[in-house]
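Down below is the structure, laid out as structure tokens.
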Amino acid sequence: MQKNKINDIIGAGDSMKIFVTAGTEDGRKLAEFLSRQGHFVTASVVSEYGKKILEQYAGIKISDKKLNADELTEILRGNFDVLVDASHPYAVNVSQNAIDACKRAEILYIRFERDEIESTEKNIFHVENYEQAAVKAASLGKNIFITTGSRNLKKFVESPALKNCNLTVRILPTAEVLSECENLGLTPKNIVAMQGPFSTELNAEMFKQCRAEVIVTKNSGKTGGVDTKLDAAKILNLPVVMIDRPKIFYPNIASTFEEVLKFIESKGVAE
């Protein structure tokens, strides 16, 4: 990346300079929160949808380029005081790149991690990845309702375990995502294109209308609507295949916006 482009991203000013990976609703709200505390905030997103939402927040710079660890290091070094990683809990590569870049740039890394949903229901089957989820779902029923987003749909569509199953996928109603579904061979009868949040009642109605026999989800926390999915599945006595969060070691972690702010200020990164 050229130096003038870096300057366009980082801007100028005396406020503490914070780079936020903000690819989730949590991340966007956190970026706004930190900006309202008087800090200089640059928020990173890679989707057009995320960019349009961030543009609604005054005072936040936007970086909309997908960055590898080297590019991120170049942006961070000497230009930012702290990186707050508010990427999706399942965005392993984003978090690992951020951790590596912060080490090399010698700045503070803080992970904002939304809480998981804990459940002791016997009808919830935990797996480690998408491939295991496909195999487990196939063993529980033929009509599979997938609520894991669009990024890993290919793993379900091309899974040998699911070749004789009927898939319904719930996705964001954007042209990019719908085009991806079409390229995978999914037809309108396979797609529910809606934006959440979804109530327990709406989830239950969708599951019934699609004749779902198995629900597949990730443990994305309440922000990701996992609680209402589980409640709806319980009402309908449907099994749920839950893809557990990947195991990553985060150097510093916070679960609330206030904890993030306290962490930043207590570390004295502006010294």
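Annotations for the structure displayed:
- With respect to being touching a His at 6+ places or on another chain (Cβ under 8 Å) and either assigned to a loop (DSSP other than H, G, I, E, B) or under 30 Å from LEU261 (Cα atoms) (or both), VAL94 fits the description.
- Subset of segment 130-166 [within 26 Å of the chain's Cα centre (by Cα) and open to solvent by less than 20 Å² (accessible area, probe 1.4 Å)]: ALA133, ALA134, ALA137, ILE144, PHE145, ILE146, THR147, THR148, LEU153, PHE156, SER159, LEU162
- Odd one out for LEU108, checked against (1) surrounded by 15 or more Cβ atoms within 10 Å (Cβ to Cβ); (2) modelled with pLDDT of 95 or more: (2)
Residues checked against (1) touching a residue at least 40 places away in the same chain (Cβ under 8 Å); (2) assigned to a helix (DSSP H, G or I); (3) charged (D, E, K, R); (4) buried (at least 20 other Cβ atoms within 10 Å of the Cβ):
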position: ASP227; (1), (2), (3), (4): yes, yes, yes, no
position: LEU230; (1), (2), (3), (4): yes, yes, no, yes
position: LEU238; (1), (2), (3), (4): yes, no, no, yes
position: VAL241; (1), (2), (3), (4): yes, no, no, yes
position: ARG245; (1), (2), (3), (4): yes, no, yes, no
position: ILE248; (1), (2), (3), (4): yes, no, no, no
position: PRO251; (1), (2), (3), (4): yes, no, no, no
position: GLU258; (1), (2), (3), (4): no, yes, yes, no
position: GLU265; (1), (2), (3), (4): no, yes, yes, no
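- Count of segment 68-98 residues which are out of contact with any helix residue (DSSP H, G or I) (no Cβ under 9 Å at 6 or more places or on another chain) and in contact (Cβ under 8 Å) with a residue 40 or more places away in the chain: 5
- Number of the exception - ARG36 against (1) under 16 Å from the mean Cα position of the chain (by Cα); (2) without any contact (Cβ under 8 Å) to a residue 24 or more places away in the chain: (1)
- Any hit, segment 190-199, residues being open to solvent by 20 Å² or more (accessible area, probe 1.4 Å), over 29 Å from PHE33 (Cβ atoms) and part of a helix (DSSP H, G or I): yes
- Qualifying positions in segment 53-91 - modelled with pLDDT under 90, part of a helix (DSSP H, G or I) and closer than 13 Å to VAL20 by Cβ: LEU54
- If you check THR174, THR187, THR120 for being open to solvent by 30 Å² or more (accessible area, probe 1.4 Å), in contact with an Asp or Glu (Cβ under 8 Å, 6 or more places away or on another chain) and hydroxyl-bearing (Ser, Thr, Tyr), only one passes: THR174.
- Failed condition for PRO160, given (1) within 24 Å of VAL46 (Cα to Cα); (2) modelled with pLDDT of 95 or more: (1)
- Hits in segment 198-226 - residues which are among the charged types (D, E, K, R) and over 16 Å from the mean Cα position of the chain (by Cα): GLU201, GLU205, LYS208, ARG211, GLU213
The values are calculated or read from the model by the stated rules, or taken from the named source; none is laboratory data. Because the structure is a prediction, the values reported are computed rather than measured. Note that each Cβ is placed from the backbone with ideal geometry, even for glycine, and that neighbours are counted across all protein chains shown. What goes into the accessible areas is simple: the full protein's heavy atoms, side chains included, and nothing from ligands, DNA or RNA. Shrake-Rupley method; radii C 1.70, N 1.55, O 1.52, S 1.80 Å.
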